[in-house]
1. Assigning unit charges at the beta carbon (Lys, Arg +1; Asp, Glu -1) and nothing else, what dipole magnitude in debye, to the nearest 20, does region 1-40 show about its Cα centre?
2. Using the Kirkwood formula on the Cα atoms of region 26-165, what hydrodynamic radius do you get, in angstrom to one decimal?
3. Using only alpha carbon pairs under 8 Å that are at least six residues apart, calculate the relative contact order of the chain and give it in whole percent.
4. Per DSSP H run of n ≥ 4, the term is -39500 (n - 2.57); total these for the chain, divide by its residue number, and report the mean residue ellipticity at 222 nm rounded to 500 deg cm²/dmol.
5. Given R₀ = 35 Å, what would the calculated FRET efficiency be for residue 35 paired with residue 10, taking r from the Cβ atoms and rounding to 0.05?
6. Dimensions of region 1-108 along principal axes (Cα, Å, largest first)?
7. I'd like the per residue volume of the convex hull spanned by the Cα atoms of region 16-77, given in cubic angstrom.
8. Please provide three numbers in whole Å: the alpha-carbon extents of the chain along the principal axes, with the largest listed first.
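The values are calculated or read from the model by the stated rules, or taken from the named source; none is laboratory data. If you're wondering where the values come from, they're calculated on a predicted model, not measured in any experiment. Reconstructed Cβ throughout: ideal geometry from the backbone, glycine too, with neighbour counts over all protein chains shown. Areas reflect the complete protein model, heavy atoms only, side chains present, ligands, DNA and RNA absent. Shrake-Rupley method; radii C 1.70, N 1.55, O 1.52, S 1.80 Å.
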Amino acid sequence: MSELHKFIFDGLPVRGQLVRLTDAWQELLRRRAANTQTGAYPPAVAEMLGEMAAAAVLMQGNIKFDGALILQIFGDGPVKVAVAEVQTDLRLRATASVVGTVSPGARVDQLVNAHGQGRCAITLDPARREHGQQPYQGVVPLVDEAGAPLRSLSGMVEHYMRQSEQLDTVLVLAADEQVAAGLLIQRLPVQGETNLSQSNVVRDDADDAGEEDDFDRIAVLARSLKREELLGLDADTILRRLFWEEKLLRFPPQMGVQGPRFACSCSRERVAAMLKGLGQGELDSILAEQGQVEVGCDFCGQQERFDAVDVARLFTPAEQQSPQPGSVQ
């Protein structure tokens, strides 16, 4: 079961989160692989998308916001756009648009920043917008302060948090075909202007060497986490191994209906409504050419198929329709 763990370091201005996406991540990959038009993601793309999903859950879990957090990378390599979206209640979905050949073992920068024009954006889209209200969005290029390309997704998100949100952040991410996981360590903001999470970011104790040393020490410990440990160990073991000398105050883990879980807004009913809008003549011509009408969700890959009987029912008044096999009247 997918799970999110939150904790703080007692007496220190440092907070952390650990996410492990299992069933949610596997369902996302299963839907994409079952799509007869696209097939499964290339392994390098799947790994990047899994890391994005984990990172988006960690960022959504860090803020108090009623709406969707959307992590997007606009690429100039074989991946033109990749998106991970997480709702307030941790429902998530993710997708990537792949154009061209993906080399085995390709790095993230080779996938999305081949010519230095890639961008990372984080959008907060309110669930209930007031009149004239627009989503908040921050965008940064996929290069560091010196102009060198960032070679990992964790580096890209850390760079975004420094440049756009002014928050010192350490992010460790990993994904394979079974698990997408991430560890986030962040310095707690104190005072000043508000940022993405409506937290205060300009610190009045920036000269406090002790607090600087505390965060730096914890950051070093977090970065020592190996990919195979993040993917293969449970949350309790990871936190105990990394921070056994620190006093952690842990919150109850979020899992099940309160934790990260896959969800997409597509449905057969919504597809049927869209097809009905095309008109019976258009659908009949598709049936004559292809034998069925097939529509795939651009986001999750789920496919819905309508044969001649299904199409006829779309344009038959409900009171004239005969019961479908297995239905109860």
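1. Numbers: 6 positive and 4 negative charges, 33 e Å.
The dipole of region 1-40 has a size of about 160 debye.
2. Working: mean 1/r = 0.0643 Å⁻¹.
Kirkwood hydrodynamic radius for region 26-165: 15.6 Å.
3. Working: 629 pairs, mean separation 73.4, N = 329.
Relative contact order for the chain comes out at 22 percent.
4. On the way: 10 runs with 107 residues, N = 329.
After summing the helix terms and dividing by the residues of the chain, the value is -10000 deg cm²/dmol.
5. Details: r = 48 Å, r/R0 = 1.36.
Taking R0 as 35 Å, the efficiency between residue 35 and residue 10 is 0.15.
6. Its Cα atoms span 50, 25, 24 Å along the three principal axes.
7. Numbers: hull volume 7.6 nm³, N = 62.
Once divided by residue count, the hull of region 16-77 is 123 Å³.
8. If we take the Cα atoms of the chain, the spans are 76, 46, 45 Å.
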